[in-house]
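Any read-out appearing in this document is the output of simple, stated calculations on the displayed coordinates, not a laboratory observation. In this text, all values refer to a predicted model and were calculated from it rather than measured experimentally. Glycine gets a Cβ as well: all are built from the backbone with ideal geometry, and neighbour counts include every protein chain shown.
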Amino acid sequence: MPGFSTHVTTSAALGIGAGVAGYSAGLPVTTCAVGAGLCTIGGMVPDLDGDTGVPVRETVHLIAAVVPALMLGSLQAAGLDRESTVLAMAGMYILIRFGLGEWFKRITVHRGMWHSIPAAINVGLIALLICSGEDIVPRAFKAGAIVIGFLSHLILDEIWSLDIFRGRVKESSGTALKLWMGGQHWWPNVLTYVMLFGLILAAYQHPVIRDGYATWRLEAEERAFASPEPTATSTSADALIPVTGESLQR
């Protein structure tokens, strides 16, 4: 199994690549930097289902600090004054750090459904919903970045489950990149997919996401139906021959 440092190094490298790609596409430097950081965090998030350890504790602390920061713009747009915004951010930190963090450890098992493809989609949808801003493109970039980091963790886990030197497959193979968790416990699967359905519904009803998607779809349809006007140029050899009376007689 790859170590914590391997996961963080890989997701950080991918985050730098995502930031460069976003900047090349015209996104602001700050948005690209935040996306790179979220990709790095995404490589740590799957290990939240671990029972104990410094990486789990530090990841919970980091998420508890990052989530309120991502929601700062939304809190201000909601009309909260400075003191109310600070109180709301502090409340979210305490809730995540001491509430959701402990609750999450109690309901998950290592390499359970939190190590799965639908869990990666759930994390991306959560990021899409909580990020601030009225433009869908930066939101989608940040959400995609954290999904990339999350998936990099799962892929590394699957790679490490192959013992190339001994030519065998470890028992952990298939426990990361999965759509469904086998065994007698069915409720983690149901919980994961209920959460996925709820997040999709919330994203569909979110005004920024809904309007941004509608605008993107309209522009895509306009580009698809728009066709360049035909030109009257010809490159054939006959078109280069001048028309004369002698040629017409022939």
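Quick notes on this structure:
- Each of ALA220 and SER5 was given a label point 7 Å from its Cα along the Cα-to-Cβ line. The distance between the two points is 4.3 nm.
- Compared with the alpha-carbon gap, the fully stretched path from VAL194 to ILE155 is longer by 11.6 nm at 0.36 nm per residue.
- The ellipsoid that matches the Cα gyration tensor of the stretch 1-138 has semi-axes, each √(5λ) in whole angstrom, of 25, 22, 12, with the longest given first.
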